[in-house]
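Visitor: Please see the structure below; I have some questions.
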Amino acid sequence: MRRTVVLATALAFCAAGAIVKLVGIPSASAQPASSPASPPFAAVPRFATGRAAPRTLGLLRAAPSACHPGPERIPSGTNDVYVDLPLERVAASINNPTDEATDQLELRTYSGCLTSPLIDARPGDTLHVALHNQLDANDPTCGATPAPYLLLPDGVGCFNTTNLHTHGLHVSPSGISDNVLRAMPPSGSPYSVVIQLPKDHPAGTFWYHAHMHGSTAVGVSSGDAGVLIVRGVRDWAHRAQNHGIVDVDTILHGPDSVPFPDSVFLLQQIAYGCFWQPAASPNPNATTGPYDNLITTKGLYTTAESQLPSPATPPPSANAPWTCAYAPGQPGTITKGVVENFQTQLFSPTIWDTNGRFTSINGVVQPTITVPAGAIQRWRFVHAGIHDTINLQVLRMTPLPAANGRAVSLVSALAGKSRVEQAAVLKSACVATRSAVVPQLEIADDGLTRRKINTIALAPAGIATIVPPVGSNYLQPGYRSDILVAFPAPGDYCLLDQAAPPGERVIVNQKTGQASGNGGNGPSVPQLLAYVHVQGGTPISGDVRTYILNTIYAGNPQLPPAVRTGLRAGDLTSFAPFVELAPPHPQLQPAPTAYFGIGFNPPIGANGFGVNGYGYDPNLVQSKLIRQLGTTDDWDVAIQHTGIDEPHIFHIHVNPFEVIDVQKVSTVNGKIVKHSIFDPRTGQCNAFAVQGGGHLADQYCGLYHVFRDTLFIENGYDVTLRTKYVRYTGEFVLHCHILDHEDAGMMANVMIVNDRLHPPPPAMVMMPAHHHTNTSHLR
């Protein structure tokens, strides 16, 4: 199912279309592999010079980077960090397990890298980024009359125009800082981005990506995203001069004082597809073009077909995996793997479930990670995809049945299989049982150190009654999760994206193409993210969590006894940048809300995607979204019921928020009733979280009074988020981090002012010329 909204009405499905015969020829853009193999784990690309890299995975066999980032310049005696980011349309490649091949791509990327270079910073640094937009100024998706065959939704387009957002940083949103209202079209001169990190900025895992309204989804799904780490060096001995700040980084070591290996996992969902382009037409008004005919295993899928309304039965190509193998029987060409068609490649709630592509780690699909037993690792996960939940589990592999008296490796069992075909094998080899699960000790969410470690095992506290037991590390697009992990014994393990429970996903009937379910973007089938081969080292005797916490305890005798003892119980309060915000006194009215919806009545904008009933207008600031510096607000965030109810992902720039409450909403005797899913005494999920057994509350368990900058908002839940506006005034945005939703209009400007009774006019933003309809009635 491809989803499109026609004039802000309903979810549309595809009608029958012509099916073109396929032949089993190898793709012109694929190079066959000689034998089944898993590529080695690849570290994220780094700038050629600059600060020394931290210690990474113990026995890591890192694949060489195919891209070549320039230097990172740090003048002696300064905290100024200078880097160059060229945005280019470049040739790239990615391994494809289905074909045991290397797919050739042509994407817009930074520095020619599928995974953009790591930016390494310290609190108090000033980042100087020279962004060179070297894309083609002749952009058929831009202007008042973009390419007609693309059928772009209102406001979507200008794919060669960009800007830069540092996701999660507490920095200025104005001027040439982290200003996403700034447009950077192709230019012969670089754009200067200067971002000053405060000296008290939290250490943690952040990321950066393209954020130009109208082209954000295309950019991020092409790979325009990289990790930005603020390293923590403020230790307990110097906490007085550091304003009481102690970074958790400084205690993550054992008695030998050697820091635990620190590795980055940038999880990407690069939505590349190949298109068939017929021979050039002499008709200048032709309604087809180079990125109209998406090639699938069941024929061509066209942009026009993606627009046809239900209840017509969609053609088989609408839900078929994508390929580059095609024999049209008439003159034409096949493109490399590209991200160019918003409608057929991005604009659907199930697209990642049906397109056959694999989630990659640092630009590699299903790599092999090699580590020693007993070695405590810090793994930084960053979800840089645009759509689907990633349900991370770490599991001991179950041996596969022998064949002809010989052991069968998981690599060979999965080789040459599609993602759906692999799922049947994974259900035997990567089984979530209590004896197989390896706990993840989550120490930070969205780059912010938690007060208490969240131990992710099989059953979250308070919801053990759910069957089957659930213990995923739920990552939504935009999320970051820092975990400590240690493998108890040598052997083979799975890093798995586990299939979501039925209640957390839309299920597409492969025969009819129709969708059902309670919403959500979870995967329908499991996907192996990486093989983990554990060899050597020292096996762990006893519980893994206890082993990790005791190791940290033993390695930090300098800490006060109470703080050190607390580590054994997973208490990180002394190292958390935020503890708890006081309630607003009073709550300034009107109180802020973010109600996400599709298909409002009356419609908002041309697409029907909006926040609080308004589609995105760059020159509009809703009165309830004008807030005052130095004050604290409680935000009400929920899904607005419009008849097209889908979950959304709330993200707000500049200031993080505290999760105060999550309430389950139900109707009893015709009245709306809300019940908190948290026990206020323990912070654990209560009986209301498991009511109905639908799994929908699972990913909120463990988030009571936790600070974040991005949060999944599920149907049927009302969420209270508390934030304080500190240091910065100016205009920025909140939006859904399902990025095609953001491009379609699910975004709103927020303005922080010194006096909200006398705000300045909305910023005069520098937006490119999209094809806009008249939205003056919204102001």
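The values are calculated or read from the model by the stated rules, or taken from the named source; none is laboratory data. Since this is a predicted model, take the numbers as computed values, not measurements. Here Cβ is always computed from backbone atoms with ideal geometry, including for glycine, and neighbour counts include all displayed protein chains. Quick note on the areas: whole protein, heavy atoms, side chains included, nothing else; ligands and nucleic acids left out. Shrake-Rupley method; radii C 1.70, N 1.55, O 1.52, S 1.80 Å.
Visitor: Please compute the modelled spin-label separation between Arg434 and Ile672, points set 7 Å along Cα→Cβ, answer in nm with one decimal.
Guide: In this crude label model, Ile672 to Arg434 measures out at 4.1 nm.
Visitor: Then there is this: When ligands, DNA and RNA are left out and all protein chains stay put, how many square angstrom of accessible area per residue does the stretch 196-261 have with a 1.4 Å probe? Could you put the intermediate results ahead of the total?
Guide: Numbers: 2020 Å² over 66 residues.
Heavy-atom SASA per residue in the stretch 196-261 reads 31 Å².
Visitor: Which whole-number value in Å³ per residue fits the convex hull of the alpha carbons of the stretch 648-761?
Guide: Values: hull volume 17.8 nm³, N = 114.
Cα-based convex hull of the stretch 648-761, divided per residue, equals 156 Å³.
Visitor: So, with a 1.4 angstrom probe, what is the percent of accessible area on the stretch 552-604 that is carbon and sulfur? Let's see the in-between values first.
Guide: Values: 1600 of 2590 Å².
Percent of accessible area from carbon and sulfur atoms in the stretch 552-604: 62.
Visitor: Compute and list, largest first, the equivalent-ellipsoid semi-axes of the stretch 540-595 from the alpha carbon gyration tensor, each √(5λ) rounded to a whole angstrom.
Guide: 39, 16, 7
Visitor: Once both labels are modelled 7 Å past Cα along the beta-carbon direction, what's the Gln558-His758 spacing in nm?
Guide: 5.1 nm
Visitor: If we sort 119-128, 68-77, 191-200, 252-261 on the protection proxy, mean other Cβ atoms within 10 Å, highest first, what's the order? If you can, show how the numbers build up before the last one.
Guide: Details: 119-128: 19.5, 68-77: 13.1, 191-200: 17.4, 252-261: 15.4.
Most protected by this proxy first, the peptides run 119-128, 191-200, 252-261, 68-77.
Visitor: Moving on to the next point. Principal axes first, then extents: for the Cα atoms of the stretch 123-197, list largest minus smallest coordinate on each axis, whole Å, largest first.
Guide: 48, 26, 15
Visitor: Please compute the modelled spin-label separation between Gln277 and Leu620, points set 7 Å along Cα→Cβ, answer in nm with one decimal.
Guide: 3.7 nm
Visitor: Under a straight-distance cross-link criterion of Cα-Cα below 29 Å, which lysines are reachable from Lys664, leaving out those fewer than 8 residues away in the same chain?
Guide: Straight-line reach from Lys664, under 29 Å: Lys452, Lys624, Lys674, Lys724.
Visitor: By what distance, in whole Å, do the Cα atoms of the stretch 374-425 stretch along each of the three principal axes, largest value first?
Guide: Each principal axis gives a Cα extent; for the stretch 374-425 these are 42, 33, 14 Å.
Visitor: Can you give the convex hull volume per residue for the Cα atoms of the stretch 200-342, as a whole number of Å³? The partial results should precede the final answer.
Guide: On the way: hull volume 29.7 nm³, N = 143.
Expressed per residue, the convex hull around the Cα atoms of the stretch 200-342 is 207 Å³.
Visitor: Give the percent of DSSP beta bridges with both residues in the stretch 578-652 that are antiparallel, rounded to the nearest 5.
Guide: On the way: 4 of 8 bridges.
DSSP beta bridges in the stretch 578-652 are roughly 50 percent antiparallel.
Visitor: Give, in nm to one decimal, the length gained when the segment between Ala130 and Leu629 is fully stretched (0.36 nm per residue of separation minus the Cα-Cα distance). Please list the in-between numbers first.
Guide: Details: separation 499, 0.36 × 499 = 179.64 nm, distance 3.04 nm.
Contour length minus the Cα-Cα distance gives 176.6 nm.
Visitor: Using each residue's phi in the stretch 420-433, evaluate 6.51 cos²θ - 1.76 cosθ + 1.60 at θ = phi - 60° and report the 3J(HN,Hα) Karplus result to the nearest Hz, with x for Gly and Pro.
Guide: Once θ is set to phi - 60°, the couplings for the stretch 420-433 become 5, 5, 5, 4, 5, 6, 5, 5, 9, 8, 10, 9, 7, 10 Hz.
Visitor: Below 21 Å, Cα to Cα, which lysines can Lys427 reach? Residues fewer than 8 away in the same chain don't count.
Guide: In chain and number order, the partners are Lys417.
Visitor: Here is a follow-up. Full extension from His585 to Arg568: what is 0.36 nm times the residue separation minus their Cα-Cα distance, to one decimal in nm? Present the calculation step by step, with values, prior to reporting the outcome.
Guide: On the way: separation 17, 0.36 × 17 = 6.12 nm, distance 3.67 nm.
Full extension of this stretch gives 2.4 nm more.
Visitor: Rg (Å, one decimal) plus Dmax (Å, integer) for the alpha carbons of the stretch 69-157?
Guide: 18.2, 55
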